[in-house]
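> Here it is, the structure in full.
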2 protein chains.
Amino acid sequence: MVMGHGVGGRDRPGGRLDAEAAAHVATTLQALATPSRLLILTELRQGPRPVTELAEAVGMEQSAVSHQLRLLRNLGLVTGTRAGRSIVYSLYDNHVAQLLDEAIYHSEHLRLGLADRPDAVG
Amino acid sequence: MVMGHGVGGRDRPGGRLDAEAAAHVATTLQALATPSRLLILTELRQGPRPVTELAEAVGMEQSAVSHQLRLLRNLGLVTGTRAGRSIVYSLYDNHVAQLLDEAIYHSEHLRLGLADRPDAVG
DNA sequence: AGAACGTATGAAGATGTCTTCATGAATACC
DNA sequence: GGTATTCATGAAGACATCTTCATACGTTCT
């Protein structure tokens with residue numbers, strides 16, 4: 001059960017953004033705009049994971065993972081709780097999971113044009 | 001009516017990503033991970049706009065807007081068609097609009113922790 | 001207390017990104 | 001054809017980002 005916030009419609013689909021709001025959103029999205037973090041987050045999407053396990057799962061060094069986790073932590077996207085000597089990380093809440101899912105979904109359906117699209121510009 | 005692609009559920013909410021897929025998604029999200037581009041896109045969310053109008057609406061120089069538009073174009077997020085001397089840009093399709101909406105929605109509901117969240121780590 | 005394990009952190013270097021400046025190309029108007 | 005308008009583009013500099021290396025911190029076990 002995913003438990004969305006409604007039926008699938010947001011209150012106000014497409015309002016303008018002021019500079020501050022834009023900065024806020026940009027910061028949040030930047031957290032998802034890196035392969036390493038995306039791998040970490042999708043791994044966490046499967047369930048809570050200690051750092052070492054994460055590192056192995058995504059094929060990164062422990063240090064690099066820790067650095068990215070700190071960033072994600074500071075943004076409130078993940079939380080870590082100690083369990084023995086390990087620290088187990090999880091996605092912070094359902095908004096994160098959904099944002100992840102939706103971002104992946106739309107990205108996969110966008111098929112990057114990357115210079116092979118016949119644009120009218122020229 | 002927003003006209004989603006289904007009912008609000010994605011096929012497979014939360015699969016793992018391989019390195020390639022992660023890179024793809026990251027690239028797409030990076031396009032939304034900047035205040036300037038976010039402003040441009042949300043302005044386009046309101047409807048098609050010529051470059052100069054865009055520039056004025058978001059308070060950027062024409063050159064800067066053009067550079068960002070090229071990036072968004074290359075990623076297939078927007079298209080531009082000539083109309084007289086102007087080139088009118090629009091969001092490429094509904095996926096872009098939705099991704100935008102959802103990204104903004106979730107971001108606004110995430111309330112960046114930014115170092116004031118009592119994390120268990122320490 | 002000492003050793004082993006798991007994680008965090010700071011510094012530093014390589015890269016990437018964004019904006020500005022100057023200029024070029026296409027269209028419209030006179 | 002010449003000029004004004006609208007947009008694109010390349011170069012360059014300021015700045016941010018990510019990874020690695022070295023090391024420190026906290027916990028567990030003996």
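Readers should treat all values here as calculations from the given coordinates under stated rules, not as data from a laboratory. Not measured: the values here are computed from a predicted model. Using ideal geometry, Cβ is built from the backbone for each residue, glycine included, and neighbour counts are taken over all protein chains shown.
> Six or more apart or on different chains, Cβ under 8 Å: which pairs go from a residue in segment B:67-84 that's more than 11 Å from residue B:51 (Cβ to Cβ) to one that's buried (at least 22 other Cβ atoms within 10 Å of the Cβ) and of a type in the set (D, E, K, R)? Could you list them?
Close Cβ pairs satisfying both conditions: B:71/B:37; B:72/B:37.
> Do we find that residue B:71 is within 21 Å of residue A:25 (Cβ to Cβ), surrounded by 14 or more Cβ atoms within 10 Å (Cβ to Cβ) and either at the interface with another protein chain (Cβ under 9 Å from one of its Cβ atoms) or within 9 Å of DNA strand D (Cβ to nearest atom) (or both) in this structure? Before the answer, list the steps.
Values: within 21 Å of residue A:25 (Cβ to Cβ): yes; surrounded by 14 or more Cβ atoms within 10 Å (Cβ to Cβ): yes; either at the interface with another protein chain (Cβ under 9 Å from one of its Cβ atoms) or within 9 Å of DNA strand D (Cβ to nearest atom) (or both): no.
In short, no.
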